[in-house]
Structure formats: structure tokens, C-alpha cells
DNA sequence: GACATTGGTGGCGAATTGTTACTAATTCGC
DNA sequence: GCGAATTAGTAACAATTCGCCACCAATGTC
């Protein structure tokens, strides 16, 4: 058996995620006439020499006006599941878009993650994997900050974490941990709208942290 | 802009990792005559309809006699870096092989991760990413157990963690955390060889664990 | 039998975490 | 105006976890 390349068809399929009225939402595009499903993930083939994340940026910026600032691969798939363009192999990429991002073009729409329309089987798999990856990485990567505007309140931030983790967090503990991490700094702005005490806006500004070398955790296994 | 598939060349490149005399080692194969580098990662194109992990299993089982039991994608690359077979796109896959696994065939050899020979630039990137992924996932996935034989001593297990994390762990703390996790169970066997008190063999036997829902950690960010 | 070597555990003080309870600043209803 | 409701933010205590030291256990070496 000698290794050899083979020609295959490849697609980059993008799962744009954004908090949308207290739910995590996915951006879908209307399928062309004749397709089996009415909606699909944004996708395309990478151009020659184009990086996969670059392709994802190109695909999504056409839909949102600006490209999301954060991408993460969720894995390549080459099983038999059907792809809308019948690509042999798909590379799934999760893209994070802040709340209140530009409203999509006419052909695209946000759907709550929990209430998606029918999708091609491979797209369904990619969405599920994207959600799983994002939830799993949320406390190893500052990914939650990319789901918020440049300045945000601590309650906003806690809300994003609760959305991703799917459970309630305790306010005091959350703030204490955040404080200890030197990840955010306060701004001069305060939230005006709404009732209740105004909240201070913060911005993501990670300071260098001294090595937090903790012991081994065996209780975080996900499989 | 209409999405459309394109024909590209695709390779699956496998990074087989195994602890080898107290260092993490990578399995490389001798390049065919005329190649720019003398060694390369095992690789091949996936067959039609073959899953990517299945391809990785096929590629490695030819070299090791048996296929490793654990695979994990480390990402797809489509940058301009050179691949030995000039594939447009590579899918990197990390495979874990237990200590003392079958010695490789004549064309393959183990190299310490810290002292690899020259590799094609893309292979170099894939190795680095595989090492990073494995080190990062070690306490979210029982991956360390796949680097050991079915039964092992607790010192063996701690050694693997120290290898992956690159730092010394405290024996008592390590064992207490392991105890609390219900991941291993003792066997009847005891290690006979060597001097010092004999050690009991354990096997990986994860029990159902009640939800270990901990708070958010901001101090684990890796970027 | 003393000693070196490796395996394994008890327990203490320090740090971390979960929780309760409080204070602060604003809007709403009357 | 003024109290209730609402949201933000903090202090402080209790329970738990963690790092570490000290020890005991069982084997080989001399």
C-alpha cells in the first residue's frame, strides 16, 4: 500500500452562533429552488490556497456585512451523510458573532438552536458538533467574550455563560472568579436603560497571568 | 456568489503518540527515495466513503499490527505549507498507542517528540498541533488511559500525566483526586519486578458519576 | 539486619468555592 | 414624595478541596 492523494470534493460549512433574545441562535440561508431542505448552513468550497478559516470569513462576511472575529474548527466529516452540495468531505467551522450584530441579508435568518428547521443530515451533525465544541471550550478559551459587544456588563457576561453551560451560575462566585482572572477592566460607561441599579460596562482586556498550575481534574471528563 | 464544490486533493496525516522510555514518542515512516525529507508522518488519502478516523485506523494498523483504540482530530489545514504528497488539504489525526505496543515494521520508527528529524512543513505543524491538543484534553477526556496497557499501576498512570503535562504531580493529591473520580478499579495482580514495594495493578473502569457541576474557571484559558 | 527504594495513606493548614445575607441605585405605581 | 419592586454589587461565613509533610509498608541490596 503506497500513500497517494486522491481528488475529492470539499466544502467548508459554517455554524454562525449568536445569542439572540436569551437563546443561542444559528444563522441559516435559504436553499436554492429544488433543494431537498428549505434551509442550510452557509457553505462553499475553499478557493485555491485559501485557508479554511479564511474561507469561513469570506462566506459569513457576505451574509453579515462584517466577518465574525472568532472561528473554531469543529472537525472534518467524511461519512456517508448527505451534504447539500454533495461534497465528499466537509470541514465544519463554528463562528461566533456578538449579540446585536448586523441583521442578516434577505436570504439568511437566525434560528434558535433548539428549534431548527430540517437540514441536510451532514449539516445537522455539524451543528450539533459545533454546539458541543463551544460548550466544551467555554472555560478554556475566552470564547464567551466574542459573543458580546466590545463593552458589556457583568450580568451580560454571566448570561452568556449560563446560555452556553445551560445552567444557572451564582452571581457572587462568578464575579469572584472573574475578578481573580484579570480578564476584564471597567470602563467609564454605565448602563442607562431599564429599571434597577445601573450596571458598569466592562471590556475584555486580559492581563498577563502568573502560571495557574493546578492539579489534575478527573471530574471533567465528557465521555 | 453561489456555493459550489471544487475538486481538491486530500490527505489524512496521522500522529501516533506513545510513551517510550519516559518520553512521548511519535511514529514516523521512512520516505520513498527522492523525497525532500527522509521521514514523514504516516498518511494516505481516505478511500471513497471511508470515514477519516477509519482511514487513520487503516493507515496505522498496517504499521503497528493493530490499530490504536483512540483517535482525535487535531484540525484540517489548507494553508500553503508543503505536504509530502502535495495534498491541498490535510486532516491531522492524533492516535494514541499504549506503552509497550508492538514494535513497528521495518519502515517505521519511534522518535521522541522533542527530537524529531526534519519533516515537511505541514507535517511539522500537524505534530505540534497534535501534541497541543493531547496536552490540552488530558483532563477532559480519559485519553491518558489509552496510553497505557489495560492494567497499570497508579505510578504508571501518574507518569503519563506528568509526561503530558510536563510537570511533576504530587502523589497523594493525584491519588486522592483519582479516588474521588471512580475511574479505576483495583485488580488482583501485583507488580513483581523491580525493587521497592510491589504495586497493585488497576484497570480503567469508569463508574457512573453524579453531576460534578463546578463553577466557571477563568484561569484555564490557553490563548 | 541496616539501608535504599518504591508504594501507599493520614492528616493538617491554606486556599478555594458555594451560599446567605446584606447594601446600593434606579424605575414604577400610587 | 415615598414605598415596593428590580437589578447591581459586596461582605462574610461555612464547607470543601488542595498542597504538602510525615509517616507506615513491602520489597531488594549490601
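Criterion applied to A:157, A:143 was being surrounded by 19 or more Cβ atoms within 10 Å (Cβ to Cβ), more than 9 Å from chain B (Cβ to nearest Cβ) and more than 14 Å from DNA strand D (Cβ to nearest atom), and the one residue passing it is A:143. For segment A:181-204, the set of residues classified as surrounded by 12 or more Cβ atoms within 10 Å (Cβ to Cβ) and closer than 21 Å to residue A:69 by Cα consists of A:183, A:184, A:201, A:202, A:203, A:204, listed by residue number. For segment B:160-180, the candidate set comprises residues that are surrounded by 13 or more Cβ atoms within 10 Å (Cβ to Cβ) and near DNA strand D (Cβ under 10 Å from one of its atoms); within that set, the residue that is farthest from residue B:23 (Cα to Cα) is B:177. The residues on offer are B:25, B:33, and the sole one that is more than 7 Å from chain A (Cβ to nearest Cβ) and in contact (Cβ under 8 Å) with a residue 40 or more places away in the chain is B:25. Note on segment A:1-21: residues that are more than 10 Å from chain B (Cβ to nearest Cβ) and in contact with a helix residue (DSSP H, G or I) (Cβ under 7 Å, 6 or more places away or on another chain) amount to 6. Looking at residue A:100, is it away from DNA strand D (no atom under 12 Å from the Cβ) and either within 12 Å of chain B (Cβ to nearest Cβ) or closer than 22 Å to residue B:75 by Cβ (or both)? No, not satisfied. Residue-level check: of (1) in contact with a helix residue (DSSP H, G or I) (Cβ under 9 Å, 6 or more places away or on another chain); (2) within 15 Å of DNA strand C (Cβ to nearest atom), residue A:193 misses just (1). Of the set (1) within 13 Å of residue A:104 (Cα to Cα); (2) at the interface with another protein chain (Cβ under 10 Å from one of its Cβ atoms), all apply to residue A:74 but (1).
If I filter segment A:118-137 for residues that are within 25 Å of residue A:209 (Cα to Cα), within 16 Å of DNA strand C (Cβ to nearest atom) and out of contact with any strand residue (DSSP E or B) (no Cβ under 6 Å at 6 or more places or on another chain), do I get at least one hit? No.
For residue A:87, are the conditions met, namely being in contact (Cβ under 8 Å) with a residue 40 or more places away in the chain, within 8 Å of another protein chain (Cβ to nearest Cβ) and within 26 Å of residue B:55 (Cβ to Cβ)? When the stated conditions are applied, residue A:87 passes them. Restricting A:121, A:112 to those that are surrounded by fewer than 20 Cβ atoms within 10 Å (Cβ to Cβ), under 23 Å from residue B:10 (Cβ atoms) and modelled with pLDDT of 95 or more reduces the list to A:121. Residue count for segment A:164-175, restricted to those that are closer than 19 Å to residue B:221 by Cα and more than 11 Å from chain B (Cβ to nearest Cβ): 0. Report yes if some residue within segment A:120-135 is within 16 Å of DNA strand D (Cβ to nearest atom) and either more than 12 Å from chain B (Cβ to nearest Cβ) or closer than 21 Å to residue A:221 by Cβ (or both); otherwise report no. No - not one qualifying residue is present in segment A:120-135. Among the residues of this structure, residue A:216 does not count as one that is more than 9 Å from DNA strand D (Cβ to nearest atom) and surrounded by 15 or more Cβ atoms within 10 Å (Cβ to Cβ).
Might you let me know whether segment B:188-211 holds any residue that is within 18 Å of residue A:214 (Cβ to Cβ), without any contact (Cβ under 8 Å) to a residue 60 or more places away in the chain and more than 8 Å from DNA strand D (Cβ to nearest atom)? Within segment B:188-211 (the criterion being within 18 Å of residue A:214 (Cβ to Cβ), without any contact (Cβ under 8 Å) to a residue 60 or more places away in the chain and more than 8 Å from DNA strand D (Cβ to nearest atom)), the answer is no, since none of the residues qualifies.
The values are calculated or read from the model by the stated rules, or taken from the named source; none is laboratory data. Owing to the predicted nature of the structure, the values given are computational and were not obtained by experimental measurement. Quick reminder, even Gly has a Cβ in these numbers, built from the backbone with ideal geometry, and neighbours come from all protein chains shown.
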